[in-house]
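For reference, the structure discussed in these notes is given below.
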Amino acid sequence: MTSPVPAPIAIPLIVFVAVVVLGRRLVLHHATVDRLLNRAMLWGIATLILLERGIAPQIGSLLHQLSMGTLLMEVVGLYGAARLWSGAEPASAFARQRVYDLAGLAGAAIILVVGTAARQEGRLVGQTPDWQTLVVWAILWFPLLAAGRLCWRAAVRELRSDESTAAERIVYVTLLATLVVGSGGLVVSAIQLAGPGATADPALVRWAAPTFAVSALGAALLAVPLVAWLRAHTGWDRAGRYCRRLRPLWRDLTAAVPEVVLEPDLPAAESDARLIRMTVEIRDALMHLRHYLPEDAAGADYVAQIQRAIAAKSSGAAVRTRRSDHPAGPLVRDIDSDLRLLLAMARDWPQGARGVST
C-alpha cells in the first residue's frame, strides 16, 4: 500500500507545518484562540504523517483510518477557534472545547469500528461507495462544513470592514481560498466516488492531496502573526525601521536634555512601544530646547535652530522666555503628525552633530 502523496512533496510540507507549530508554540501560546489553533495544528501534523502510509504498508488501512480520526480532532479544534472568531464567550472556550473534543473522539472511535472490515481486508475506507464510506463521510463532513461555514462568514465580515488593513485583507482572501480548496476537494472526492474514478484512485489521492494543500495553506496563514512577531522583536517591522531612523536625532536630543528620558524600567520591548517612547521623548526635548534659542537663530531652518539651542544650553546659556506668537518650529498636533515631522527632521539631522557653536 503506497503513500498517496510522494515523499519529496509530503516531507517538506510536513516539516513546514511542524516548524510553524513549533514557532507558534514557543511565542504565540498565550491567547485562548492561539492555544486552540496550535492544538489543532498538532493534530494536523499527525494527520499528514499518518497519510504517508507507505512507511508501514502492512498496516496502511489502519493508518488511513487513524488519519481520519486525527483530522476530525483537528477540525473540532478549528471549530472551537472559529467560534471565538465569531464572537463566542472566551471565558468558556475550553469548557466548550472539551465537549467538541469528546465528540471528535467519539467520531474517531466510530470510524475505527465501521472500518473493521476494511482493515481485515487490507483496503481503504472510501475506495468504494458502500455504507461504511457513507458513515465515515458523514462523520467527517458535518464538522468540516460547520467549521468552514464559521470561518467563511468571519472572513467575509472582516473583508467588509473598513478597519481591515491591506495586509489583513490578503490574509482573509487567502483564508477564503483555502476554504474553497478544501470544499473543492470534498466535491471532487464525492464525484469520483460516485463515478468510474473510484477504482482508478486506489490510493485515495483525491482525499490526501486536498488535505495536504489545505494544511500547507493553513500553516502559511498561521505563520503570518509568527513572522510579524519575529519582525517586531528583531526591529524589522515598520515601527522598528522608524526607530532606527529616529535614533541619531533621539540620541543627540536626549543627551542635551537627559531629564526628558522616561524611566528605564518602563516596558519598551515591542517596536511600537519603543517608537511611542522615542517620539514622546524627542517632542519633550524639543519643547524644552525652544527656551534656549538665541535671538539670531530666528531666520534659520528648524534643524539649525535646534542645533543652536543645544549649543546654547551646553554652554550654560540662560533660559529665554519665548513669546506665544513666536513658536520655535512646527506646532504640536497629534502623535501621527508629530511622527511624520520628526522623521523629516531626522532625515535632515547631521550624523554625529550635537549642536553648533554660537
task: Only residues that are open to solvent by less than 30 Å² (accessible area, probe 1.4 Å), in a helix (DSSP H, G or I) and in contact with a Pro (Cβ under 9 Å, 6 or more places away or on another chain): list them for segment 28-58, please.
output: L51, R53
- request: May I ask you to list pairs of residues, at least six apart or on different chains, whose Cβ atoms are under 6 Å apart, with the first in segment 247-260 being closer than 17 Å to R347 by Cα and the second being charged (D, E, K, R) and not in a helix (DSSP H, G or I)?
  value: D252/R354
message: Conditions first: (1) in contact (Cβ under 8 Å) with a residue 24 or more places away in the chain; (2) within 28 Å of P202 (Cα to Cα); (3) not in a loop (DSSP other than H, G, I, E, B). A117 passes all but one, so which condition is the exception?
response: (1)
- prompt: When you look at L112, is it of a type in the set (A, V, I, L, M, F, W, C) and either under 26 Å from T32 (Cα atoms) or open to solvent by less than 80 Å² (accessible area, probe 1.4 Å) (or both), yes or no?
  reply: yes
message: For segment 115-138, give me the residue count where each residue is of a type in the set (A, V, I, L, M, F, W, C) and surrounded by fewer than 19 Cβ atoms within 10 Å (Cβ to Cβ).
response: 5
- request: Could you please find all residues in segment 86-95 being under 22 Å from A155 (Cα atoms) and open to solvent by less than 70 Å² (accessible area, probe 1.4 Å)?
  value: S86, G87, A88, A93
- prompt: Residues of segment 317-349 being surrounded by fewer than 14 Cβ atoms within 10 Å (Cβ to Cβ) and modelled with pLDDT of 80 or more, which ones?
  reply: S337, R340, A344, R347, D348
message: Tally up the residues in segment 96-105 that are open to solvent by 50 Å² or more (accessible area, probe 1.4 Å) and not basic (K, R), please.
response: 4
field: Matching residues in segment 1-15 - criterion: being part of a helix (DSSP H, G or I) and buried (at least 16 other Cβ atoms within 10 Å of the Cβ)
entry: A10, L13, I14
- request: Just name the residue that is nearest to A208 (Cα to Cα) out of those in segment 120-135 that are in contact with a Gly (Cβ under 7 Å, 6 or more places away or on another chain) and assigned to a helix (DSSP H, G or I).
  value: T133
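Table: residues versus (1) without any contact (Cβ under 8 Å) to a residue 24 or more places away in the chain; (2) under 23 Å from T211 (Cβ atoms); (3) not small (G, A, S); (4) not in a helix (DSSP H, G or I).
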| position | (1), (2), (3), (4) |
| --- | --- |
| L26 | yes, no, yes, no |
| G60 | no, yes, no, no |
| M68 | no, yes, yes, no |
| A81 | no, yes, no, no |
| A91 | yes, no, no, no |
| R98 | yes, no, yes, no |
task: Sort out which residues of segment 225-249 are assigned to a helix (DSSP H, G or I), in contact with a Ser or Thr (Cβ under 9 Å, 6 or more places away or on another chain) and open to solvent by 90 Å² or more (accessible area, probe 1.4 Å), and write them in order of number.
output: R231, R238, R241
query: Taking segment 17-27 only, how many residues are over 13 Å from the mean Cα position of the chain (by Cα) and surrounded by 16 or more Cβ atoms within 10 Å (Cβ to Cβ)?
result: 2
Which listed residue is modelled with pLDDT of 90 or more and of a type outside the set (K, R), from A200, A109, A166, A190: A109
query: Here are some conditions: (1) free of Cβ contacts under 8 Å to residues at least 12 places away in the same chain; (2) of a type outside the set (A, V, I, L, M, F, W, C); (3) closer than 17 Å to S3 by Cα. E52 meets all but one. Which one does it not meet?
result: (1)
Whichever residue in segment 146-186 is outside any helix (DSSP H, G or I) and acidic (D, E) and, among such residues, is most open to solvent (accessible area, probe 1.4 Å): E163
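The values are calculated or read from the model by the stated rules, or taken from the named source; none is laboratory data. All values derive from a computational prediction rather than experimental measurement. Please note: Cβ atoms are built from the backbone with ideal geometry, for glycine as well, and neighbour counts cover all protein chains shown. The area values use the complete protein model at the heavy-atom level, side chains included, leaving out ligands, DNA and RNA. Shrake-Rupley method; radii C 1.70, N 1.55, O 1.52, S 1.80 Å.
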